[in-house]
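Accompanying notes for the structure given below.
The values are calculated or read from the model by the stated rules, or taken from the named source; none is laboratory data. Quick caveat, the model's predicted, so the values are computed rather than measured. Counting neighbours? That spans all protein chains shown, and the Cβs are built from the backbone with ideal geometry, glycine included. For the accessible areas, the whole protein counts, side chains as well, though only heavy atoms, and no ligand, DNA or RNA atoms are used. Shrake-Rupley method; radii C 1.70, N 1.55, O 1.52, S 1.80 Å.
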Amino acid sequence: MRTRILFIIMLCTSMFSRAQESTFFMGTGDVIVINVYGEPDLNQRVRIDKTGDIRMPFIGMVNAIGKTAGQLAAEIEAAYLDGYLVEPNVNVVIERFRPFFIKGAVKNVGAYDFQFDLSIDEAIAVAGGLKERASKSKWFIIRGAEKKRIPVQAEQMVHPGDIIIIEESLF
């Protein structure tokens with residue numbers, strides 16, 4: 001019975017992990033849980049620091065930044081398969097995402113906890129709404145390592161670590 005419950009928990013965690021895998025890349029500040037099935041001494045819960053390196057028993061440092069949960073799990077599995085474990089089964093789950101930031105012509109600039117399915121418009125609402133002189137069309141987002149300002153619309157989705165910029169309007 002206990003094995004069955006553990007399998008169901010791992011299956012649900014794996015499905016959640018696959019949803020994350022296709023959408024979000026890990027970055028500084030994310031808290032991740034690494035489970036190696038059948039090897040409780042190898043399981044870890046870590047916050048990704050600015051180097052992105054995670055120390056894994058036996059295999060050493062593995063970098064997580066810019067990878068999906070599935071990519072990191074596959075990399076760790078491959079490393080353990082190389083002389084340490086016969087059939088490693090690794091699952092990586094992002095337990096807590098880094099915050100998103102909003103600045104410019106909003107009432108409360110700052111960092112906010114990331115939430116799934118949060119649009120730019122909803123992020124503005126979380127930040128207290130637009131200021132009186134806020135532009136209705138000059139909204140930008142800075143995402144990822146490239147740090148390019150990308151114009152966005154109200155319905156676009158927010159990702160972990162995004163910096164949302166709301167420009168002021170002259171009129």
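Brief remarks follow.
- Extending 7 Å from Cα along the Cβ direction at Leu81 and again at Thr28 yields two label points whose distance is 3.3 nm.
- Of Lys50/Lys147; Lys107/Lys138; Lys107/Lys136; Lys103/Lys136; Lys50/Lys136; Lys103/Lys147, those spanning more than 23 Å from alpha-carbon to alpha-carbon: Lys50/Lys136
- Accessible surface area normalised per residue over the chain is 61 Å², counting heavy atoms of protein chains with a 1.4 Å rolling probe.
- For the chain, with +1 on Lys and Arg beta carbons and -1 on Asp and Glu, the positive-most of Ala134, Tyr112, Ile165 along the dipole: Ala134
- Value of Rg to Rh for segment 103-152, rounded to two decimals, is 0.95; Kirkwood radius and Rg both from alpha-carbon coordinates.
- With Cα atoms, 0 to 90° folded angle of helix 69-81 axis to the chain main axis: 20 degrees
- Straight-distance crosslink candidates among aspartates and glutamates, where the alpha carbon sits under 13 Å from Lys67 and sequence neighbours closer than 8 are dropped: Glu21, Asp30, Asp53, Glu75
- Computed extension length for Glu168-Lys107: 20.7 nm, one decimal, from 0.36 nm per residue of separation with the Cα-Cα distance subtracted.
- Computed accessible area, Met157, all protein chains, 1.4 angstrom probe, square angstrom: 90 Å²
- With Rh defined as the Kirkwood radius, the inverse of the mean 1/r over Cα pairs, the Rg/Rh of the chain is 1.09.
- Per-atom-type breakdown for the chain gives carbon and sulfur 55% of the accessible area (1.4 Å probe, protein chains only).
- Taking segment 81-167 and dividing mean pair separation by its residue count, relative contact order in percent (alpha carbons under 8 Å, at least six apart): 35 percent
- Cα-centred dipole magnitude for the chain, charges only on beta-carbon of K, R (+1) and D, E (-1), debye, nearest 20: 560 debye
- Relative to the dominant Cα principal axis of the chain, helix 2-21 is inclined by about 40°.
- In this rough spin-label picture, where each label sits 7 Å from Cα along the Cβ direction, the Gln153-Lys50 distance is 3.8 nm.
- Relative contact order for the chain: 20 percent, from Cα pairs under 8 Å spaced at least 6 residues apart, divided by residue count.
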